[in-house]
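Throughout, read-outs are computed from the coordinates displayed, never taken from laboratory work. Since this is a predicted model, take the numbers as computed values, not measurements.
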């Protein structure tokens, strides 16, 4: 295995978080949350936007590279897609919600909910296009759904509380 392929594998595995023996998707989401926490607290929420836009093409590249040597079209250890979805959930939430442990926890729960259940269009998009893209597309859409659910919940709480 070349350094090129090894690097792509490490990135696709969410910096190794996908190699956990149990629940690699959840492990990947938690790892993404920890990295996001440090980024936001060190450099502000804007750094997460920059990180997401850098990660998207890097994630697609790494997945494209590693899938050429895999039997499965979506191996469980590839969790960089969870990073994209989890970060997107946070980014949408931070439009109106404060950076806080509660928002991080709700973003994690919301993203995992939509990523695991894959309601409606999330399930459809999971198999749309080439594997190196569709692996990411469903998590991106799950991240959008989760982020919007957090915003809707915040809106409903503000209406209820007057």
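Computed values, structure above
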quantity	calculated
Nearest-ten-degree value, helix 101-117 long axis tilted from longest Cα axis of the chain	50
Dimensionless Rg/Rh of the range 95-144 - Kirkwood Rh, Rg from C-alpha atoms	1.08
Angle between the chain longest axis and helix 24-43 axis [Cα atoms, degrees, rounded to 10]	60
Highest-fluctuation residue, 41, 127, 136 considered, GNM on the chain with Cα pairs under 10 Å	41
The chain - mean residue ellipticity at 222 nm from DSSP helices (-39,500 (n - 2.57) per run, n ≥ 4, rounded to 500)	-24500 deg cm²/dmol
Gaussian network model of the chain, Cα within-10 Å springs - most flexible of 46, 30, 56	46
The range 102-162-the range 43-101 distance, computed between alpha-carbon centres (Å)	13
Identified option (computed Cα extents along the principal axes in Å; candidates (1) 57, 28, 26; (2) 59, 37, 27; (3) 43, 39, 30)	(2)
Most fluctuating residue given options 128, 93, 13, as computed from a GNM of the chain linking Cα atoms under 10 Å	128
